[in-house]
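Take this structure first; my questions come after.
The values are calculated or read from the model by the stated rules, or taken from the named source; none is laboratory data. Remember, it's a predicted structure, so these values are computed and weren't measured experimentally. Methodologically, a virtual Cβ is constructed for each residue, glycine included, from the backbone with ideal geometry; neighbour enumeration extends over all protein chains shown.
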Ligand code: PMT
C-alpha cells in the first residue's frame, strides 16, 4: 500500500483496515509527504507491519527492499496518488522507496488519484495519466464532490469500498472475459392503484452478488432489477423496472439484442417476479366506502419470463456458442420435488432451488443454501454459505457451461 502526501491519506487507513479484514496482508510504504498527514505508528498499528519509507535505511540486510517489495506483492495500490506522485511515476523517477519499487514492479498496480480539481484537469496531469494508462497502470477515480480545499469538482479519492472492489476485480481470474451476462434481481411491484401494490420480500442481494461476481470474472453485465435499495454495482449496465411486464420487455430486449449489437451469452434470473397482477389498475385511489366491506381483487397471470427465454434459446445461434439459462426457485415445503417439476416446466439449463423457509436462506439474508438441478436431473447441494460464495460458485459453473457446449 503506497501512500502519497495528500489529505485523502486518512481514507487509506480505512482501506487498510477493510483489506486486512478481507484476509489481505498489507505492507505500508509512505512518501515523506504522506507522513505529514498520517503517522508511521498509525500505519504500522493498522497494517500490523512496520512502515517502509526509506530507500537508504532498509529493514532488509541486503538493502534490496524496493526489489523484494515490487516482486512479492500480488498487487501494489497507490492511494492517495498526488499530482506530483503521478508525474514522478510517469517520468520513471525512482528517488524514494515508493517510486523505486513502482519502477521495479512487473505485476499489477492500482492507482487512486486525489488532488485539487484544477490540478487533475491540468494538461500536464492529463498527459501523465495517459502515459501511465498506456503503461498498463489501473486507475480508480477520482470522483466528483466537495474537496478539503473548499472547492468542488473532480478530484476526491475514490471511497475505500470502491478501491477494494477495484482491487478484487484486478486479482480475480477472468473466466468470463468477452462474455455478456443478463441478470435479473429484486421484486416486481404490481400496482392496484396510485398508492398500493402487490409485491414480495426480495431485497435483490442474490442478484447483486451474482452481478459483482460476473463483473470480477471479466463479463459485461446487463442488470435488470425491480425496486431495491442497494447501491449500483460499479460497471454494470442497469435497467431499473417496476412491474413484471416491464421486466419482460427489458429482459427480452437485452437477450435478443439488435441485429448487429451485442448479445448475451447467459442469463441468470434471480428476480422474484410476481406471478399475478391486478386485472385492472385503478386510476384513482380505491376508496373505503363503509366500515365492514372490502373490495374484491381480480388477478390475472403475468408472463413467465424464464419460460419465454428458454423457449427462444432452443434455437441455437449460428456461431454455435451455447446460451445458458439459469433460474432460481423460491420454494416452501417439498422444495426438491417441486424444483424438478419447475425446471422441466420452465425449460432452463440449471435451476437453483432455495427453500425460503429454511433459516438463513432466501429473502433478505446475506446467506443462502441452494440445490442445483441440471438438464439431466442431477442434483448438487450447496449448504448454507454467504450469497457472495454462492454467486462465485454459480458464476464458475456458468463459465464452464458457456465454454463447453457439450456439458449442457
Ligand atoms: O433478493 P434476495 O432477498 O437476495 O432473495 C433471493 C431470492 C429468494 C429472491 C432468490 O434466491 C430466488 O429464489 N429467486 C427466485 C424467486 C422466484 O420468483 O421464484 P419462482 O419459483 O416463483 O420462479 C422461478 C423462476 O422463474 C425464477 O428464476 C423467476 O425469476 C422466474 N419467473 C417467475 C415468475 C414469472 N412470472 N416469470 C419468471 O421469469
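Would you please name the residue that is farthest from residue 170 (Cα to Cα), looking only at residues in the range 131-148 that are touching a helix residue (DSSP H, G or I) at 6+ places or on another chain (Cβ under 9 Å) and surrounded by fewer than 13 Cβ atoms within 10 Å (Cβ to Cβ)?
Initial filter on the range 131-148 (touching a helix residue (DSSP H, G or I) at 6+ places or on another chain (Cβ under 9 Å)): 131-132, 135, 137-144, 147.
Filter again for surrounded by fewer than 13 Cβ atoms within 10 Å (Cβ to Cβ), leaving 135, 144.
Numbers: 135: 16, 144: 23 Å.
Only one residue fits best here, namely 144.
Mind checking whether some residue in the range 375-383 is within 14 Å of the ligand (Cβ to nearest atom), free of Cβ contacts under 8 Å to residues at least 60 places away in the same chain and more than 24 Å from the chain's Cα centre (by Cα)?
no
Turning to a different aspect of this structure: State all residues of the range 219-234 that are assigned to a loop (DSSP other than H, G, I, E, B) and either surrounded by fewer than 17 Cβ atoms within 10 Å (Cβ to Cβ) or touching a residue at least 40 places away in the same chain (Cβ under 8 Å) (or both); if no residue qualifies, say none.
Of everything in the range 219-234, those that are assigned to a loop (DSSP other than H, G, I, E, B) and either surrounded by fewer than 17 Cβ atoms within 10 Å (Cβ to Cβ) or touching a residue at least 40 places away in the same chain (Cβ under 8 Å) (or both) turn out to be 219, 226, 227, 228, 229, 230, 231, 232, 234.
Here is a further query. Only one of these is part of a strand (DSSP E or B) and more than 8 Å from the ligand (Cβ to nearest atom): 325, 395. Name it.
Step by step, each of 325, 395 is checked, and only 325 is part of a strand (DSSP E or B) and more than 8 Å from the ligand (Cβ to nearest atom).
While we're looking at this one, here's another question. Looking at the range 77-88, can you tell me whether even one residue there is farther than 21 Å from residue 128 by Cβ and at pLDDT 95 or above?
Among the residues of the range 77-88, not one is farther than 21 Å from residue 128 by Cβ and at pLDDT 95 or above, which makes the answer no.
Related question: From 239, 225, 283, grab the single residue that is more than 21 Å from residue 372 (Cβ to Cβ) and near the ligand (Cβ under 10 Å from one of its atoms).
225
Another question about this same structure. Name the pairs: first residue in the range 236-249 and within 12 Å of residue 277 (Cβ to Cβ), second residue assigned to a helix (DSSP H, G or I), Cβ to Cβ under 6 Å, at least 6 apart or on different chains?
As it stands, the answer is 248/305, since those pairs meet every condition given.
Would you mind finding the one in 361, 348 that is under 22 Å from residue 402 (Cα atoms), in contact with a strand residue (DSSP E or B) (Cβ under 8 Å, 6 or more places away or on another chain) and either assigned to a loop (DSSP other than H, G, I, E, B) or away from the ligand (no atom under 16 Å from the Cβ) (or both)?
It is 348.
Checking residue 177 against (1) within 13 Å of the ligand (Cβ to nearest atom); (2) more than 21 Å from residue 356 (Cα to Cα), which single condition isn't satisfied?
So residue 177 meets the others, but not (1).
A quick yes/no check of all residues on (1) within 24 Å of residue 16 (Cα to Cα); (2) surrounded by 15 or more Cβ atoms within 10 Å (Cβ to Cβ); (3) over 19 Å from the mean Cα position of the chain (by Cα):
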{"position": "104", "(1), (2), (3)": "yes, yes, yes"}
{"position": "110", "(1), (2), (3)": "yes, yes, no"}
{"position": "121", "(1), (2), (3)": "no, no, yes"}
{"position": "125", "(1), (2), (3)": "no, yes, yes"}
{"position": "161", "(1), (2), (3)": "yes, no, no"}
{"position": "164", "(1), (2), (3)": "yes, yes, no"}
{"position": "174", "(1), (2), (3)": "no, no, no"}
{"position": "180", "(1), (2), (3)": "no, yes, no"}
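Out of the residues in the range 180-218 that are part of a loop (DSSP other than H, G, I, E, B) and in contact with a helix residue (DSSP H, G or I) (Cβ under 6 Å, 6 or more places away or on another chain), which is farthest from the ligand (Cβ to nearest atom)?
217
Applying the selection to the range 1-25, what residues are touching a strand residue (DSSP E or B) at 6+ places or on another chain (Cβ under 9 Å) and buried (at least 18 other Cβ atoms within 10 Å of the Cβ)? First the steps, then the outcome.
Narrowing the range 1-25 to residues touching a strand residue (DSSP E or B) at 6+ places or on another chain (Cβ under 9 Å): 1-9, 11-12, 15, 19.
1, 2, 3, 4, 5, 6, 8, 9, 11, 12, 15, 19 - these are the residues of the range 1-25 that are touching a strand residue (DSSP E or B) at 6+ places or on another chain (Cβ under 9 Å) and buried (at least 18 other Cβ atoms within 10 Å of the Cβ).
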